[in-house]
Amino acid sequence: MAQSNTPVRAAIPSTCDNAPARQQERDAKAFTGRGGTPTELRQAAASVDRIHRAQEVLSTLTRRVRGRTLYLALHRGTATGQVQLRWRAAGAGPRAGHIPWSAIHAHFAQFPGALREWYERTHRRAIELNQREIEARLALKHARQRDP
């Protein structure tokens, strides 16, 4: 498409003498509300994906502990799409299953010092990732609502 030098373009007051006139026109259109949403949507989706990968890595890390009696499992909510880390007892039988967050510190108390500290750090990281996942999914939901 050919550019034309029209008198209207020359009549536009310059806000910055160093910027070319075409750039000033683009800058003026930046505040119309168009064009930002797809980028925001991609960034929000990428953020959710990064957090889900970090949750998977943490879950895998806890499964590699020798002689483990518990590990972090990924729980995926079908209705909301939420991915959450939860502690589970290792093995099978009546003691296997999810461990309530309130009871997890009693399990950590049974471990020797360095291992207990590692599990406590891992627990804090799991809580942080779960919270960040909720926030990132909410941001993605809002970005989808704004996308035309």
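The values are calculated or read from the model by the stated rules, or taken from the named source; none is laboratory data. In this text the structure is predicted, and so the values were computed from the model without any measurement. Cβ coordinates were reconstructed from backbone atoms using ideal geometry, including for glycine residues, and neighbour counts include every protein chain displayed.
General remarks:
Here is a yes/no grid of residues against (1) without any contact (Cβ under 8 Å) to a residue 60 or more places away in the chain; (2) within 13 Å of W87 (Cβ to Cβ):
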{"position": "I99", "(1), (2)": "yes, yes"}
{"position": "A103", "(1), (2)": "yes, yes"}
{"position": "H107", "(1), (2)": "yes, yes"}
{"position": "R116", "(1), (2)": "yes, no"}
{"position": "T122", "(1), (2)": "no, yes"}
{"position": "E128", "(1), (2)": "yes, no"}
{"position": "A143", "(1), (2)": "no, no"}
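- Some residue of the stretch 121-142 being modelled with pLDDT of 90 or more, more than 15 Å from the chain's Cα centre (by Cα) and surrounded by 14 or more Cβ atoms within 10 Å (Cβ to Cβ): yes
- Taking each residue of the stretch 57-78 that is within 14 Å of F108 (Cα to Cα) and touching a residue at least 24 places away in the same chain (Cβ under 8 Å) and looking for partners that are of a type in the set (V, I, T) and in a loop (DSSP other than H, G, I, E, B) with beta-carbon atoms closer than 9 Å, six or more apart or interchain, yields L70/I99.
- Residue satisfying all of: in the stretch 73-101; touching a Ser or Thr at 6+ places or on another chain (Cβ under 7 Å) and over 12 Å from L129 (Cα atoms); surrounded by the most Cβ atoms within 10 Å (Cβ to Cβ) among these: A89
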